[in-house]
Amino acid sequence: QANISHTSISPSYRLSAVYDSRDEGSTAYFSLVVSGIDAGTPVAYTISGVSASDLVSGSLNGTVTTVAAGLSKLIAIPIRKDNLTEGAETLTITLDDSSSTTASLVVNDTSKGATYSITSGSESYDEGQSALFNLVTTNLVAGTSVAYTLSGVSASDLVRNSLTGTAAVSASGTA
């Protein structure tokens, strides 16, 4: 008579970031090594620390299909390049079946801050004339509203009776 014992291997996961940091517009890579799981098994993951709009896929969830035990499977997460100045963000990937299995990397903000330049059409204006100013911007999306305040005159000197207003940035960066 033979004794047959059933032993099952508990699945284990090892997840690591391939790089410590990546720039916006590049791809974040993570390495997943599994054991105790058949090759071809889907493993779901969740991304945190960034918004869905930061990712080319537009999704904070994904699935990777495992390869043979002990081999590394690369998870590629393309990062969207945007014009928002957000500062560095930490992208973290967590396996849904093993919430203690996480890996992170820093997403470097590559956007540049907005710049503004304003010039007058003339050095002086006579009463009754319209004063014309040219606002040139960089790194602002068309349609952005730029607030301004006039100084050196009083509100009663102006037809509008207001020292403040807004200008909308055009596609060429002027307002």
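Scanning region 101-134 for residues that are within 31 Å of the chain's Cα centre (by Cα), part of a loop (DSSP other than H, G, I, E, B) and not β-branched (Val, Ile, Thr) turns up Asp109, Ser111, Lys112, Gly113, Ala114.
How many residues does region 66-97 contain that are of a type in the set (A, V, I, L, M, F, W, C) and assigned to a loop (DSSP other than H, G, I, E, B)? First the steps, then the outcome.
Residues of region 66-97 of a type in the set (A, V, I, L, M, F, W, C): 67-69, 71, 74-77, 79, 84, 88, 91, 93, 95.
After this cut, where a residue has to be assigned to a loop (DSSP other than H, G, I, E, B) as well, the list is 67-69, 71, 84, 88.
Of the residues in region 66-97, 6 are of a type in the set (A, V, I, L, M, F, W, C) and assigned to a loop (DSSP other than H, G, I, E, B).
Being farther than 23 Å from Asp82 by Cα, open to solvent by less than 80 Å² (accessible area, probe 1.4 Å), β-branched (Val, Ile, Thr) and modelled with pLDDT of 90 or more is a description that applies to Thr164.
Condition test on Ile118, is it of a type in the set (A, V, I, L, M, F, W, C), in contact with a Phe, Trp or Tyr (Cβ under 7 Å, 6 or more places away or on another chain) and either at positive phi or open to solvent by 80 Å² or more (accessible area, probe 1.4 Å) (or both)?
Numbers: of a type in the set (A, V, I, L, M, F, W, C): yes; in contact with a Phe, Trp or Tyr (Cβ under 7 Å, 6 or more places away or on another chain): yes; either at positive phi or open to solvent by 80 Å² or more (accessible area, probe 1.4 Å) (or both): yes.
Taking the combined requirement at face value, the residue satisfies it.
In this structure, Asp157 does not satisfy being surrounded by fewer than 11 Cβ atoms within 10 Å (Cβ to Cβ) and not aliphatic (A, V, I, L, M). Considering only residues that are of a type in the set (Lys, Arg) and closer than 30 Å to Leu140 by Cα, look in region 45-90 and name the one that is most open to solvent (accessible area, probe 1.4 Å). The qualifying residue most open to solvent (accessible area, probe 1.4 Å) is Lys81.
Scanning region 99-109 for residues that are under 29 Å from Lys81 (Cβ atoms) and either exposed (fewer than 14 other Cβ atoms within 10 Å of the Cβ) or among the hydrophobic types (A, V, I, L, M, F, W, C) (or both) gives Ala103, Leu105, Val106, Val107.
The values are calculated or read from the model by the stated rules, or taken from the named source; none is laboratory data. This one's a predicted model, so the numbers in the text were calculated from it and none came from an experiment. Using ideal geometry, Cβ is built from the backbone for each residue, glycine included, and neighbour counts are taken over all protein chains shown. Quick note on the areas: whole protein, heavy atoms, side chains included, nothing else; ligands and nucleic acids left out. Shrake-Rupley method; radii C 1.70, N 1.55, O 1.52, S 1.80 Å.
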